[in-house]
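First the structure, in the form of structure tokens, and then the observations on it.
FYI, it's all coordinate maths here, none of it is from the lab. Just so we're clear, the structure is a prediction, and the values are computed from it rather than from any experiment. Backbone-built Cβ (ideal geometry, glycine too); neighbour counts: all protein chains shown.
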Ligand code: UFG
């Protein structure tokens, strides 16, 4: 049976807003729940029902779900900065874990039992073997990863004890924007590598590189970049996939690693200009290498990436970056 009504938490954020658009384009009815603490009202698709609600406000959350009566929830809402989580661990555990616990309780109260949850590569910490498979132990090294690992474990209990169907997607480094250049990443403050490089290029300033003494070929951290539209596709597949009363975790990455310096070089090619570098100390909580094994998502969900090239991700991010500065200038 095809689902019709989906609630998206965090639908005012980067990935959530693009997922909302994709769902609406496919004919789903969508409710967005977002507290707008980090997301933006302008990013909420006008075609969606919007509830300004914090996941920590249990009464309002339950009321919002009750009024819309979705058949499934895609849960993106979360704080996502590793560095901030190291400085404010309680904030991350409260917002990400307690918020998710409220959501699961409210779903149960309203007889909604299907959920797709945004998890992260940060649940693996500093993994023993690369590429990382889903069976690797969860051993986060920062409170952000810990808040997501704890939520996955709770979700697993809900699947076992309350007949929930739960999919956890462990995102690697999400990049890019809608290919038409009209929607993308707008974090405040922005901390992610590709938008930081684009900003440095636009301003003609050097980009800060956090650490060049990691045990990697060029000394800078290696990450696995995945296009945001491919990530969104995986969520649609998970909704349509008939996993019932079961928990499954999937990595979403591209199975290729790029160092910080390689990403800077690739961006130079896309923007057609040289970008200066300023070497800085390591950033707290950064594991040296994160590369996903993503074959499980392909095997079980039929996930196929449309935009596997780093240069395409950078091109789409650049289009969005330019359109932002045109409208806001
Ligand atoms: N980096 C720089 N300079 C910058 C920004 C980042 O050198 O100005 C470096 C970081 O130190 C890191 C790499 O670029 O080594 C990537 O950093 P990002 O901030 O872009 O991404 P992270 O790898 O820290 O984190 C992202 C998500 C997390 C997720 C993680 C999993 O934001 O939610 O990927 O791989 F957990």
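Between residue 279 and residue 255, the FRET efficiency from the beta-carbon distance, with R0 = 22 Å, is close to 0.15.
Helix 310-328 sits at what angle to the longest principal axis of the chain, using alpha carbons and giving 0 to 90 degrees rounded to 10? That works out to roughly 80 degrees. Under the classification rounded if a/c is under 1.5, otherwise prolate if a/b is larger than b/c and oblate if not, where does the stretch 241-329 fall, given a ≥ b ≥ c as square roots of the Cα gyration tensor eigenvalues? Because a/c hits 1.5 or more and a/b exceeds b/c, the stretch 241-329 counts as prolate. Full extension of the segment from residue 268 to residue 161, taken as 0.36 nm per residue of separation minus the current Cα-Cα distance, would add 33.4 nm. The distance between label points at residue 2 and residue 218 comes to 4.6 nm (points 7 Å beyond Cα on the Cα→Cβ vector).
Converting the Cα gyration tensor eigenvalues of the stretch 1-77 into ellipsoid dimensions via √(5λ) gives semi-axes, longest first, of 17, 16, 9 Å. Considering only 215, 308, 179, give the residue with the highest GNM mean-square fluctuation for the chain, with springs between Cα atoms whenever their separation is below 10 Å. Comparing 215, 308, 179 in the GNM, the peak value goes to 215. Evaluated at q = 0.14, 0.19, 0.25, 0.28 Å⁻¹, the base-10 log of the normalised Debye intensity for the stretch 219-276, with identical point scatterers placed on the Cα atoms, takes the values -0.58, -0.81, -1.05, -1.14.
Against the main long axis of the alpha-carbon atoms of the chain, helix 260-271 sits at an angle near 80°.
Residue separation of residue 41 and residue 300 scaled by 0.36 nm, minus their Cα-Cα distance, works out to 89.7 nm of gained length. Return the distance in nm (one decimal) between the two label points of a simple spin-label model at residue 108 and residue 199, each offset 7 Å from Cα along Cα→Cβ. Computed distance between label sites residue 108 and residue 199 equals 4.1 nm. Helix 143-161 and the long axis of the chain differ in direction by around 30°, with both axes built from C-alpha atoms. The alpha carbons of the chain give a radius of gyration and a Dmax of 19.0, 56 Å, in that order.
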